[in-house]
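The values are calculated or read from the model by the stated rules, or taken from the named source; none is laboratory data. Values in this document were obtained by computation on a predicted structure and should not be read as measured data. Using ideal geometry, Cβ is built from the backbone for each residue, glycine included, and neighbour counts are taken over all protein chains shown. To get the accessible areas, we keep the full protein, side chains included, count just its heavy atoms, and leave off ligands, DNA and RNA. Shrake-Rupley method; radii C 1.70, N 1.55, O 1.52, S 1.80 Å.
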Amino acid sequence: MQMKRGQSFVSGNCAEAVWGSPPLQGCTQVLRAVYSADGVSGLFAIFNLADSGAADRLVQAFKKDAFLKLAPGQPVIAGGSAQGRALGHYAVVSWVAAVGDEKPDLTDPLLAVDSVSQFLQTRLLKAG
């Protein structure tokens, strides 16, 4: 599955990228990018946090009561499928949802959006 990257956003205000009150200890930057394919919209976010413990806590919050906000210009979507994980002091979240009335299988789109994190995984492995 190929997802087309749209706009990307960088901000020093991590709270503007999330709903709820997740722990954002030491968050200095959030990077977000919008992705799309026929009938699907997605969002990939990287939070630069103080340490690995802060990244773990943020990922846990996304599993309970925190959600990514739609990026500016992204179509209105709800529900969908998401995954998040901590990679060192970074927390990454991938989210996809159907746009419109069709309800496609979201497995492949989610994997496609999440593959963006490969660069970060490679970088962390090289750093040892």
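Specify the residue that is farthest from residue 28 (Cα to Cα); the eligible residues are those in the stretch 79-108 that are among the β-branched types (Val, Ile, Thr) and buried (at least 21 other Cβ atoms within 10 Å of the Cβ).
Kept after step one, since they are among the β-branched types (Val, Ile, Thr), are these residues of the stretch 79-108: 92-93, 96, 99, 107.
Next cut, buried (at least 21 other Cβ atoms within 10 Å of the Cβ) only: 92-93, 96.
Values: 92: 14, 93: 16, 96: 25 Å.
Top of the filtered list is 96.
Which members of the stretch 39-68 meet the condition of being in contact (Cβ under 8 Å) with a residue 60 or more places away in the chain and surrounded by 23 or more Cβ atoms within 10 Å (Cβ to Cβ)? Can you show your working first?
First, pick out the residues of the stretch 39-68 that are in contact (Cβ under 8 Å) with a residue 60 or more places away in the chain: 39-40, 42-44, 46.
Those that are in contact (Cβ under 8 Å) with a residue 60 or more places away in the chain and surrounded by 23 or more Cβ atoms within 10 Å (Cβ to Cβ): 40, 42, 43, 44.
Count, please, the residues in the stretch 1-35 that happen to be open to solvent by 50 Å² or more (accessible area, probe 1.4 Å) and without any contact (Cβ under 8 Å) to a residue 60 or more places away in the chain. Give the steps one after another, and end with the answer.
From the stretch 1-35, those open to solvent by 50 Å² or more (accessible area, probe 1.4 Å) are 1-2, 4-5, 7-8, 10, 12-13, 15-16, 19-21, 25, 28-29, 31; that's our starting set.
From what's left, without any contact (Cβ under 8 Å) to a residue 60 or more places away in the chain: 4-5, 8, 10, 12-13, 15-16, 19-21, 25, 28-29, 31.
Adding up the residues that qualify gives 15.
Okay, residues lined up against (1) hydrophobic (A, V, I, L, M, F, W, C); (2) closer than 19 Å to residue 117 by Cβ; (3) under 12 Å from the mean Cα position of the chain (by Cα):
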{"residue": "7", "(1), (2), (3)": "no, yes, no"}
{"residue": "12", "(1), (2), (3)": "no, no, no"}
{"residue": "16", "(1), (2), (3)": "no, no, no"}
{"residue": "28", "(1), (2), (3)": "no, yes, no"}
{"residue": "42", "(1), (2), (3)": "no, yes, yes"}
{"residue": "46", "(1), (2), (3)": "yes, yes, yes"}
{"residue": "71", "(1), (2), (3)": "yes, yes, yes"}
{"residue": "82", "(1), (2), (3)": "yes, yes, yes"}
{"residue": "87", "(1), (2), (3)": "yes, yes, no"}
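Here is a yes/no grid of residues against (1) at pLDDT below 90; (2) more than 16 Å from residue 8 (Cβ to Cβ):
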| position | (1), (2) |
| --- | --- |
| 77 | yes, yes |
| 84 | no, yes |
| 89 | no, yes |
| 96 | no, yes |
| 103 | yes, yes |
| 109 | no, yes |
| 113 | no, no |
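Just to be sure before I move on: is residue 108 on the phi < 0 side of the Ramachandran plot, touching a residue at least 60 places away in the same chain (Cβ under 8 Å) and out of contact with any helix residue (DSSP H, G or I) (no Cβ under 6 Å at 6 or more places or on another chain) in the structure I sent? Break it down stepwise before answering.
On the way: on the phi < 0 side of the Ramachandran plot: yes; touching a residue at least 60 places away in the same chain (Cβ under 8 Å): yes; out of contact with any helix residue (DSSP H, G or I) (no Cβ under 6 Å at 6 or more places or on another chain): yes.
Yes; evaluated as a whole, the condition is true for this residue.
For the list (1) over 26 Å from residue 27 (Cα atoms); (2) in contact with a Lys or Arg (Cβ under 7 Å, 6 or more places away or on another chain), I need the number of the one condition that residue 59 fails.
Condition (1) is where residue 59 drops out.
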